[in-house]
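The next block holds one structure in the form of structure tokens; read it before the comments.
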Amino acid sequence: MTRITIDLPVSLAETAQCLGKATQRELSEVLIDTLEIVLPTFNSLSAVGNHVKISHLLDAEVIELANSKMDVVQNQRLGELQAKGKNTGLTEAEGYELSVLISIYQMGQLRKSIALAEAVKRGLRDALIP
């Protein structure tokens, strides 16, 4: 494991500490778990040009992004949390985790929809609605 030192805004540190208390975990564990949830999705998005305009991507990259899906593990956890929230309710920590996963899902869907529009514009796919 690599040791790093970061300065966090007070509100972020307090939120992470509250999550740690709610889940009976150390602050470092909360931060590691949160980063492990968020970073794999950003890595997969950047593999197809997350920091590059979609219009500048190669055709194959546009198609890949237009066909992309949420990480399987994250999607499964999202479904579990949604079901639990409807059935029995969520703990504070689970509510936070659900919010993060919903944000990841929404970011992915936005990139996917932009790529889909670009694929139609380039004639790589038919429009979904003629």
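Observations, loosely collected:
- Distances between every pair of Cα atoms in the range 57-130, grouped in 5 Å steps from 0 to the bin holding the largest one, split as 3, 16, 20, 16, 13, 11, 10, 7, 4, 0 percent.
- Sorted into 10 angstrom bins from 0, the C-alpha pair distances of the chain split as 11, 32, 29, 19, 8, 0 percent.
- Sequence-distant lysines (8 or more away, or on other chains) whose Cα lies within less than 19 Å of Lys112: Lys53, Lys69, Lys121
- Rounded to 10°, Cα long-axis angle of helix 92-121 versus longest principal axis of the chain: 10
- Modelled FRET efficiency - R0 41 Å, Lys21 with Ala60, Cβ distances, 0.05 increments: 0.30
- Two-site label geometry, Glu36 and Ile114: point separation in nm, points 7 Å out along Cα→Cβ: 3.0
- Against the chain, whose longest principal axis comes from its Cα atoms, helix 72-87 is set at around 60 degrees.
- With R₀ set to 35 Å, the beta-carbon distance separating Met1 from Met107 gives a calculated FRET efficiency near 0.80.
- The chain, accessible surface, carbon-and-sulfur percent (1.4 angstrom probe): 57
- Legend: residues Lys84, Lys112, sorted from most to least accessible area (1.4 Å probe; ligands, DNA and RNA excluded), read Lys84, Lys112.
- Largest mean-square fluctuation among Glu26, Glu97, Glu118, in a Gaussian network model of the chain whose springs join Cα atoms under 10 Å apart, belongs to Glu26.
- Residues in the chain average 71 Å² of solvent-accessible surface per residue, probe 1.4 Å, ligands and nucleic acids excluded.
The values are calculated or read from the model by the stated rules, or taken from the named source; none is laboratory data. Because the structure is predicted, anything quoted here is derived from the model rather than measured. Using ideal geometry, Cβ is built from the backbone for each residue, glycine included, and neighbour counts are taken over all protein chains shown. Accessible surface areas use protein heavy atoms only, side chains included; no ligands, DNA or RNA. Shrake-Rupley method; radii C 1.70, N 1.55, O 1.52, S 1.80 Å.
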